[in-house]
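The values are calculated or read from the model by the stated rules, or taken from the named source; none is laboratory data. What you are looking at is a predicted structure, and each value in this text was computed from that prediction instead of being measured. Here the Cβ positions follow ideal geometry from the backbone for every residue, glycine too, while neighbour counts run over all protein chains shown.
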Amino acid sequence: MKKRILIIGACGQIGTELTAYLRSIHGNHKVIASDIREGDAAMMQSGPFEVLDAMDYDAVEEVVIRHEITDVYLMAAMLSATAEKFPMKGWNLNMDSLFHVLNLAKDKKVDKVFWPSSIAVFGPSTPKTDTPQRTVMEPTTVYGISKQTGERWCEYYYNRYGVDVRSIRYPGLISYKTLPGGGTTDYAVDIYHKALKHKKYICFLNSETTLPMMFMDDAIKATVGIMDAPKENIKIRCSYNLASMSFNPEEIAESIKKHIPEFQISYEPDFRQAIADSWPQSIDDSEAQRDWGWKSEFTLDEMTKTMLDNL
Ligand code: AKB
């Protein structure tokens, strides 16, 4: 079957690497990248690119039809820290864009949808360690509320209309190729940049804030893995728990010191501390492992070496 892929939000932290990976697998011309503004030279020159507002249904539909898209990866979103500053903008972007692609799939204009959820769907009343797939979910952030609501709608569209939507709950993601923007876990990328440049880092979370994290290569592997899995293997249509490693700022600093002994970290927690405190510390992803063979590869020290070698 001919596959033609549209990535919405292709210039973001995940979208950039996902676009490059899918182009390397399927061929450049089969993967249409899109974002609200043009990407860098590598993105623009390696394959088709559309300037596209994820909130504009007509524009998304036009691109889907013109390029005969089969699979959509909706990576455009406003992350946790920014959405606390712009609650209605965050809610509108995160929900409208999801409804647009779900409705295109419901109307059989696309076959398959990937939509990212997050550990932000959990809240302070959720068990903090080995957080189960099904548990209390009372998110306290705008972003978390939008992701939890989105999960309910994904499951609804699957049950009611048979929409083949697949989703994972990403932990904090770390990559040397693209910077994150507006998340609470962003410190775990910035710390490597500052360690190399200034040998010191002021962290906006306190030293003991343990959060679930993942290296980008693992995240791309999971994203493509769930999309390539046979339909009958996808038993969960809201979103799968996904885990790799968990660490706090002190532990990532120790990992960096193995390569840069003079590196120093200090702490000035800001409003993001409360967001981080509401999230789990570690995640039970046994259902993703069982249903579609998920397994993470990178440890904290392996990730640190790869980050410092490549930045
Ligand atoms: C954020 O910090 O907002 C994101 C996430 C955990 O979904 N990285």
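As for the stretch 238-256, it holds no residue that is free of Cβ contacts under 8 Å to residues at least 60 places away in the same chain, in a loop (DSSP other than H, G, I, E, B) and surrounded by fewer than 16 Cβ atoms within 10 Å (Cβ to Cβ). The single condition among (1) within 13 Å of the ligand (Cβ to nearest atom); (2) farther than 19 Å from I265 by Cβ; (3) among the aliphatic types (A, V, I, L, M) that L211 does not satisfy is (2). Against the list (1) in a loop (DSSP other than H, G, I, E, B); (2) under 22 Å from M75 (Cα atoms), the condition P212 fails is (1). Can you find, within the stretch 152-172, the residue that is farthest from the ligand (Cβ to nearest atom) among those that are of a type in the set (K, R) and assigned to a helix (DSSP H, G or I)? Among those that are of a type in the set (K, R) and assigned to a helix (DSSP H, G or I), it is R160.
Give the residue that is nearest to A219 (Cα to Cα), with candidates limited to residues of the stretch 9-45 that are aliphatic (A, V, I, L, M) and touching a Phe, Trp or Tyr at 6+ places or on another chain (Cβ under 7 Å).
Start the filter on the stretch 9-45 by keeping residues that are aliphatic (A, V, I, L, M), which leaves 10, 14, 18, 20, 22, 25, 31-33, 36, 41-44.
When the remaining residues are screened for being touching a Phe, Trp or Tyr at 6+ places or on another chain (Cβ under 7 Å), the result is 18, 33, 43.
Working: L18: 9, A33: 18, M43: 20 Å.
Of everything passing the filter in the stretch 9-45, L18 is nearest to A219 (Cα to Cα).
Take the conditions within 16 Å of G150 (Cα to Cα) and assigned by TED's automatic domain parsing to the domain that holds A120 and apply them to M43. Does it pass? Spelling it out, it is not the case that M43 is within 16 Å of G150 (Cα to Cα) and assigned by TED's automatic domain parsing to the domain that holds A120. In the stretch 170-182, the residues that are in contact (Cβ under 8 Å) with a residue 24 or more places away in the chain reach residues that are near the ligand (Cβ under 6 Å from one of its atoms) and of a type in the set (V, I, T) with C-beta atoms within less than 7 angstrom, at least six apart or across chains, in these pairs: P171/I119; G172/T185.
Just one of T149, T126, T184 is in a helix (DSSP H, G or I), hydroxyl-bearing (S, T, Y) and within 16 Å of the ligand (Cβ to nearest atom); which is it? Break it down into steps so the answer makes sense when it comes.
Values: T126 fails: in a helix (DSSP H, G or I); T184 fails: in a helix (DSSP H, G or I).
Checking each option against the conditions leaves just T149.
Residues of the stretch 106-121 being buried (at least 21 other Cβ atoms within 10 Å of the Cβ) and under 21 Å from the mean Cα position of the chain (by Cα), which ones? It would help to see each step written out before you state the result.
At the first step, the residues of the stretch 106-121 found to be buried (at least 21 other Cβ atoms within 10 Å of the Cβ) are 110, 113-121.
Answer for the stretch 106-121, where residues must be buried (at least 21 other Cβ atoms within 10 Å of the Cβ) and under 21 Å from the mean Cα position of the chain (by Cα): V113, F114, W115, P116, S117, S118, I119, A120, V121.
Highlighted here are the helices (runs of 4 or more DSSP H) found entirely within the stretch 1-101 that include at least 3 residues which are surrounded by fewer than 18 Cβ atoms within 10 Å (Cβ to Cβ): 13-26, 41-46, 57-66.
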